[in-house]
Amino acid sequence: MLSYRHVFHAGNFADVFKHVLLIQLIRALQRKNKPFRVFDTHAGAGRYDLYSAPARKNREYQNGIGRLWDQPALGPELSDYRAQVRTMNPDGALRAYPGSPRLIRALLRPEDRLTLTELHPGDYPALKAEFTGDRQVAVHHTDGYASLKAFLPPPERRGLVFIDPAFELRDEFDRLVEAVQTMHRRWATGMAAIWYPILDRAPSLRFQRHLQELEIPALLCAELGLYPYDRPVGLHGCGMIVINPPWKLDETLRRLLPELLATLQTGEPGQTRLEWLTPAN
């Protein structure tokens, strides 16, 4: 437990997928002239050095952000994402990769707020140092799931809960279902985004069925698979469940997911999926 370190995987294809979608959700919140708050329940270290020994061990970023870095023609969403990463690399060389807290912080307006929770004893100090003195960001050394009961609903009554766990625990999908129930009870109108890996296909499909059984409206599922799901070992793909997605997000993703697949594909058969698990009211 708590052995996972994201620096080994920073900037990989799963990060590209989740962060491209995350930016689109923040952009949607920016469209209204009202303050919002973002909760990042499993925040990690905040930023990652791609020249560090852990990151260079498998160089997963080369098949992630590395594939976009010098692409001459990208669509608006991928260009927006790449621009956010480039702000951390002003000399043009890809060395620093922003975790979700740093990406979110870059998109906050002066009236917006960010609440971060991280339990890992190795990542929390780095996260705390990353935002020391930043009055728009609160950093807490606590369990992200437990924080939902403490922090929801936010005083702004607008915002996003972003849940991106490490999936170290066998019951992680069950904990996510409980988290969705908690969020719905405390903040039924809030937007949430839940990232999950696709290794063995069965657990993620079972997770989706359990979410459908909650009968919570407006659950949108987006998935990116870079490798055949019947391969025996490895991260084949990943997905995100968006609860109360912004208007026309499904139309954006219908265009964006194939572009992501074409940009990140390694030559093996890949696939995308976009489906409403439950319809909006």
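We did not get these values from a lab; they are worked out from the coordinates using the rules stated. Just so we're clear, the structure is a prediction, and the values are computed from it rather than from any experiment. Backbone-built Cβ (ideal geometry, glycine too); neighbour counts: all protein chains shown.
Could you give the size of the charge dipole of the chain about its Cα centre, using +1 on the Cβ of each K and R and -1 on the Cβ of each D and E, expressed in debye and rounded to the nearest 20?
For the chain, the charge dipole is close to 660 debye.
Within the chain, which DSSP H helices have Cα atoms that stretch 20 Å or more along the helix axis and a mean Kyte-Doolittle hydropathy of at least -0.5?
On the way: long enough: 13-30 (26 Å, 1.09); 172-186 (21 Å, -0.85); 249-264 (21 Å, 0.37).
Those that pass (Cα extent of 20 Å or more, hydropathy at least -0.5) are 13-30, 249-264.
Putting +1 on Lys and Arg Cβ atoms and -1 on Asp and Glu Cβ atoms, find which of ILE194, GLY234, GLY270 reaches farthest to the positive end of the dipole of region 6-278.
Highest projection toward the positive end goes to ILE194.
Would you please give the FRET efficiency between ALA138 and THR182, computed as 1/(1 + (r/R0)^6) with r the Cβ-Cβ distance and R0 = 22 Å, to the nearest 0.05?
Values: r = 20 Å, r/R0 = 0.89.
Efficiency computed from Cβ-Cβ geometry: 0.65.
Sort the chain into rounded, prolate or oblate with this rule: let a ≥ b ≥ c be the square roots of the eigenvalues of the Cα gyration tensor; rounded if a/c is under 1.5, and if a/c is not under 1.5, prolate when a/b is larger than b/c, oblate otherwise. Don't jump to the answer; show the numbers that get you there.
Details: a/c = 1.27, a/b = 1.07, b/c = 1.19.
The shape class here is rounded.
Could you name the aspartates and glutamates whose alpha carbon sits less than 20 Å from that of LYS248, not counting residues in the same chain fewer than 8 places away?
Counting by Cα, and skipping residues close in sequence, LYS248 has these aspartates and glutamates nearby: GLU77, ASP80, GLU223, GLU259, GLU275.
Relative to the Cα centre, what is the charge dipole magnitude of region 1-147, using +1 at the beta carbon of each Lys and Arg, -1 at the beta carbon of each Asp and Glu, and rounding to the nearest 20 debye? Walk me through the numbers before you get to the answer.
Values: 21 positive and 15 negative charges, 53 e Å.
Charge dipole of region 1-147: 260 debye, to the nearest 20.
Roughly how many Å is it from the Cα centre of region 59-94 to that of region 195-258, as a whole number?
Cα centres, region 59-94 to region 195-258: 24 Å.
So if each residue of separation counts as 0.36 nm, and I subtract the Cα-Cα distance between ALA262 and ARG206, what length gain in nm does that give? Numbers along the way, then the final one.
Numbers: separation 56, 0.36 × 56 = 20.16 nm, distance 2.78 nm.
Going from the current span to full extension adds 17.4 nm.
Below 8 Å, C-alpha to C-alpha, sequence gap of six or more: please give me the relative contact order for the chain in percent. Display every interim value, and only then the final one.
Working: 480 pairs, mean separation 56.8, N = 281.
Reported relative contact order: 20 percent.
Ignoring everything except DSSP H segments at least 4 long, calculate the 222 nm mean residue ellipticity for the chain; use -39,500 (n - 2.57) per segment, divide by total residues, nearest 500. Mind dumping the intermediate values first?
Working: 10 runs with 106 residues, N = 281.
After summing the helix terms and dividing by the residues of the chain, the value is -11500 deg cm²/dmol.
Between region 115-157 and region 164-189, what is the C-alpha centre distance in whole Å?
The distance from the Cα centre of region 115-157 to that of region 164-189 comes to 17 Å.
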